[in-house]
1. Per-residue HN-Hα couplings for the range 34-42, Karplus 6.51 cos²θ - 1.76 cosθ + 1.60 at θ = phi - 60°, whole Hz, x for Gly and Pro?
2. Give the long-range amide H neighbours of Lys190: residues separated by 5 or more places, or on another chain, with amide H under 5 Å away, using H modelled in the peptide plane at 1.01 Å from N.
3. Counting pairwise Cα distances across the range 93-184, what percent come out greater than 22 angstrom?
4. How far is helix 64-76 tilted off the main Cα axis of the chain, in degrees rounded to 10, range 0 to 90?
5. Sequence gap at least 6, Cα distance under 8 Å: using those rules, report the relative contact order of the range 341-398 to the nearest whole percent.
6. Based on DSSP H runs of at least 4 residues, each adding -39500 (n - 2.57), what is the mean residue ellipticity at 222 nm of the chain after dividing by all its residues, to the nearest 500 deg cm²/dmol?
7. Based on DSSP, what percent of beta bridges with both residues in the chain are antiparallel, to the nearest 5?
8. Packing-wise, with mean Cβ within 10 Å as the measure, how do 261-267, 60-66, 278-284 rank, highest first?
Amino acid sequence: MKLYEHEAKKVFDTMKIPIPKQYGVIHSIEELDAMKLQYPVMLKSMVLVGGRGKAGGIKKANNMEETKKIASELFKLKIKGLAVECILLEEVVDEMGACYFGVTMDPATYHNVVIVSASGGVDIEQVAREKPKTIIKREIPDNSRELPEKIAEDIVCSLLKDLPQMNYLKDILVDTIVKLYATYQRFDAKLCEINPLIITSKGVVAADAKMVLDDNALFRQVELLEMLGIKEKRHDVAERTKNELRAQTAGFPYIDLLPENHAKDPHKLYVGLIPGGAGYGIFSIDEVATIGKRFFNDRVVPVNFMDSGGGPTQNKVAEMFHLLMDNSDVDLIVTSRFGGISSCDIFIRGMVQAVKERYENGKKMIPVFGRMVGTDLPSARTFLEKAKAENPDVMKNVTIFVGNQRIMADVIREGIKKAFESKGWKI
Ligand SMILES: Nc1ncnc2c1ncn2[C@@H]1O[C@H](COP(=O)(O)OP(=O)(O)OP(=O)(O)O)[C@@H](O)[C@H]1O
Ligand SMILES: [Mg+2]
């Protein structure tokens with residue numbers, strides 16, 4: 001469960017990690033009148049996603065008039081699709097430098113890791129990608145309850161190699177990393193992060209605070225939840241990719257399996273999936289990956305999870321195809337309509353609508369390979385045959401097997417084989 005920044009800061013405060021002076025959290029502009037603010041003041045949008053600064057959700061104000069104006073703008077803002085429902089007001093800290101401090105668990109090894117960097121701030125993800133050497137990572141042996149002082153010192157010494165002018169802060173930095181680790185352990189967190197840890201003339205201040213609690217251990221954290229006034233377990237809000245947001249707007253479940261800015265491997269085939277329901281969605285991912293491994297030298301990559309079941313409208317089906325065809329990664333779309341609640345007829349009309357629209361507007365077309373069976377099959381078959389006969393150019397790369405005579409694994413394998421052949425790739 002993610003904590004809001006103001007909640008995580010409350011926790012940090014109890015653990016004696018320095019934070020900026022907190023003026024309070026508001027849900028409406030009117031609440032500002034009762035607040036005693038010192039200027040300049042920082043206004044911070046409380047949403048459970050990162051990158052708020054870049055999205056214009058973190059602003060400084062110099063007087064009450066400005067504070068009200070900025071607050072009313074922030075309340076209208078959406079950050080990565082999330083509305084800003086409350087705003088934290090806090091002291092502005094003078095910045096001489098900024099580091100990144102984090103503690104988390106490596107899900108592959110189950111070891112706690114401490115991560116620090118001298119390049120703190122809003123671009124830490126980019127730093128990690130482009131200059132991984134500036135990120136210092138240390139696995140903690142035996143996942144000890146406390147961070148051994150010796151390890152904390154080692155980590156800080158490595159950090160100070162990149163920040164020699166901050167040597168005088170060594171003890172404070174060691175103390176902060178020890179306390180952050182203690183916070184992570186004491187509250188059963190999956191992640192405790194300070195980014196940026198602002199360096200001031202007097203010491204350090206956690207200008208941002210992020211905590212994600214382990215849901216499985218929440219029963220041990222009754223006191224913490226009480227202190228924060230959290231009465232109900234919060235659903236984790238994952239950060240959505242552009243495609244995920246688009247699918248959410250259109251109203252169907254969709255998950256990207258690849259990171260947003262990954263580099264496409266030119267020797268691999270990327271397969272987009274429009275399956276039936278969620279179970280079929282998971283099956284399709286496994287099947288494409290397994291067939292790729294067994295028969296195509298591990299050169300096939302499933303791109304997405306999608307649940308296209310539950311009786312989508314024709315326009316919604318069309319949007320599913322548009323979404324994948326707009327994705328520059330995708331080389332082939334594998335689809336499988338197992339019509340239960342959903343109608344094959346509506347599905348096929350939505351698909352034909354999408355490919356026609358793309359053909360007419362000169363947009364990228366991607367071959368579609370699949371099978372359909374189930375509700376409304378006869379009318380779907382008739383519509384498909386008619387569409388093929390009337391628009392052979394539009395439909396030339398659409399292959400849909402009608403009925404149950406082929407098993408889906410064979411259909412997937414054949415679709416991938418055809419795609420390899422059309423690229424002139426050896427199998
Ligand atoms: N109290 C403060 N005083 C001075 N500067 C601040 C303060 N809070 C935030 N900042 C500045 O604003 C930037 C963005 O703030 P913050 O890191 O809290 O939000 P964010 O962009 O959402 O971060 P993340 O992507 O890590 O969630 C910080 O890097 C820091 O430079
Ligand atoms: Mg931050």
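Rule-based calculations on the coordinates, nothing more; no lab input. Note that the coordinates shown come from a computational prediction; the quantities given were computed from them, not determined experimentally. No Cβ is skipped: glycine too gets one built from the backbone with ideal geometry, and neighbour counts run over all protein chains shown.
1. 8, 9, 9, 9, 10, 9, x, 10, 9
2. Val212, Leu213, Asp214
3. Numbers: 1063 of 4186 pairs.
More than 22 Å apart: 25 percent of the Cα pairs in the range 93-184.
4. Rounded to the nearest ten degrees, it is 20.
5. Taking the mean separation of contacting Cα pairs over the length of the range 341-398, I get 50 percent.
6. Counting only the DSSP helices, I get -11500 deg cm²/dmol.
7. Numbers: 46 of 65 bridges.
Given both bridge residues lie in the chain, the antiparallel proportion sits at roughly 70 percent.
8. Working: 261-267: 9.1, 60-66: 13.6, 278-284: 17.9.
Per-residue mean Cβ counts within 10 Å order the peptides as 278-284, 60-66, 261-267.
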